[in-house]
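S.K.: I am attaching a structure below and will ask some questions about it afterwards.
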Amino acid sequence: MIDMNHLPAHVAITMDGNGRWAQKQNLPRTKGHQEGLKSGKKIIKYCSDIGLKNVTLYAFSTENWKRAEEEVGFLMNLIHIHLKGELDFYKENKIRLRHVGDITHLPEQVQKDIIETVEATKDYTGLTVNMAINYGGRDEIVRGVKKVIEKGIKSEDITESLFQDQLDFEGIPDVDLLIRTGGEKRLSNFLLWHVAYAEQIYTDILWPDYTVEDFQKDLEDFQKRHRRFGAEK
């Protein structure tokens, strides 16, 4: 049973395995991404229902531009369709949507969609969903360094908390639980700063097959762990 009084403050999910799910069923990879969106919506709804406060979803990485042009184009259009088509879902559930990553290199229409959706949901105080689109952990840190330089902050004034405020997750706590589906066991440039003491769960389940019940089991696993944060206890 999940202890609702001890939920993680921030869950991050690498939604891996969409393409392989499709290939296993002799379907185009694009079909896997469509089914992955359905899984994401179910998990977001459940997170909202149980009172989780922060979820970050790895939707498109800075490395994903290396994929076939056709697949990249499909993913950008899928993001556009999702942000337009699911705005009512976010509003009905009082979910705040935020973007993390470098928005400037996204297609103009997708930038517009993100800005409009973020603005429309900015005042909601329930679940915050951070959509990592054109996001890379190293890129986030580099952009943070540039902000420090642009602001003329002296080296002696730089602290961990000050630098963290220059990153994409200002006001969002560090990740408590990182989940990656699809069988791979690596970070893949995701939230390098923010997962310093995150509990990590790797599952072989491909993202389109990942269910609310699987997520519940992962939350139960998290709650059984003894977190020491470097101290002896």
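S.K.: State which residue is farthest from LYS224 (Cα to Cα) when the search covers only the stretch 1-22 and only residues that are touching a helix residue (DSSP H, G or I) at 6+ places or on another chain (Cβ under 7 Å) and open to solvent by 80 Å² or more (accessible area, probe 1.4 Å).
M.R.: So the residue we want is MET4.
S.K.: Against the definition (touching a Phe, Trp or Tyr at 6+ places or on another chain (Cβ under 8 Å), open to solvent by less than 20 Å² (accessible area, probe 1.4 Å), assigned to a helix (DSSP H, G or I) and at pLDDT 95 or above), how does PHE215 come out, yes or no?
M.R.: Values: touching a Phe, Trp or Tyr at 6+ places or on another chain (Cβ under 8 Å): yes; open to solvent by less than 20 Å² (accessible area, probe 1.4 Å): yes; assigned to a helix (DSSP H, G or I): yes; at pLDDT 95 or above: yes.
In short, yes.
S.K.: Could you figure out which of (1) outside any helix (DSSP H, G or I); (2) of a type in the set (A, V, I, L, M, F, W, C); (3) open to solvent by less than 40 Å² (accessible area, probe 1.4 Å) isn't true of VAL148?
M.R.: VAL148 satisfies every listed condition except (1).
S.K.: Hey, can you tell me all the residues within the stretch 57-94 that are in contact with a Phe, Trp or Tyr (Cβ under 8 Å, 6 or more places away or on another chain) and farther than 17 Å from ILE115 by Cβ?
M.R.: TYR58, SER61, THR62, VAL72, LEU75, LYS94
S.K.: Taking the stretch 82-128 as the region of interest, how many residues are more than 21 Å from GLY36 (Cα to Cα) and in contact with a Leu (Cβ under 7 Å, 6 or more places away or on another chain)?
M.R.: Residues in the stretch 82-128 being more than 21 Å from GLY36 (Cα to Cα) and in contact with a Leu (Cβ under 7 Å, 6 or more places away or on another chain): 3 in total.
S.K.: Moving to a separate point now. Spot the failing condition for GLU184; the list is (1) in a helix (DSSP H, G or I); (2) open to solvent by 20 Å² or more (accessible area, probe 1.4 Å); (3) under 22 Å from TRP65 (Cβ atoms), and only one is missed.
M.R.: Against the list (1) in a helix (DSSP H, G or I); (2) open to solvent by 20 Å² or more (accessible area, probe 1.4 Å); (3) under 22 Å from TRP65 (Cβ atoms), GLU184 comes up short only on (1).
S.K.: Suppose we filter the stretch 160-199 for residues that are touching a residue at least 24 places away in the same chain (Cβ under 8 Å), under 23 Å from ARG227 (Cβ atoms) and acidic (Asp, Glu); how many remain?
M.R.: Here is the first cut: in the stretch 160-199, the ones touching a residue at least 24 places away in the same chain (Cβ under 8 Å) are 164, 167-169, 172-184, 187-195, 197-199.
Within this subset, residues satisfying the condition of being under 23 Å from ARG227 (Cβ atoms) are 164, 167, 169, 172-181, 187, 190-195, 197-199.
Imposing the further condition that a residue be acidic (Asp, Glu) reduces the set to 174, 176, 199.
Selection size over the stretch 160-199: 3.
S.K.: Quickly run through the stretch 151-181 and pick out the residues that are aromatic (Phe, Trp, Tyr) and open to solvent by 10 Å² or more (accessible area, probe 1.4 Å).
M.R.: From the stretch 151-181, those aromatic (Phe, Trp, Tyr) are 163, 169; that's our starting set.
Result: PHE163, single match.
S.K.: Give me the pairs, please: first residue somewhere in the stretch 25-48 and closer than 21 Å to ILE95 by Cβ, second residue anywhere and open to solvent by 10 Å² or more (accessible area, probe 1.4 Å) and basic (Lys, Arg), beta-carbon distance under 9 Å, and either six or more positions apart or on two chains.
M.R.: CYS47/LYS53; SER48/LYS94
S.K.: Now for a different question. What helices (runs of 4 or more DSSP H) lie completely within the stretch 30-137 and have 1 or more residues being polar (S, T, N, Q) and open to solvent by less than 20 Å² (accessible area, probe 1.4 Å)? Show your work before the answer.
M.R.: Working: elements: 69-85, 87-92, 108-121.
Helices (runs of 4 or more DSSP H) meeting the threshold: 108-121.
S.K.: LYS151 passes all but one of (1) farther than 24 Å from VAL212 by Cβ; (2) touching a Phe, Trp or Tyr at 6+ places or on another chain (Cβ under 8 Å); which number fails?
M.R.: (2)
The values are calculated or read from the model by the stated rules, or taken from the named source; none is laboratory data. In this text the structure is predicted, and so the values were computed from the model without any measurement. Reconstructed Cβ throughout: ideal geometry from the backbone, glycine too, with neighbour counts over all protein chains shown. With ligands, DNA and RNA removed, areas are computed over all heavy atoms of the protein, side chains included. Shrake-Rupley method; radii C 1.70, N 1.55, O 1.52, S 1.80 Å.
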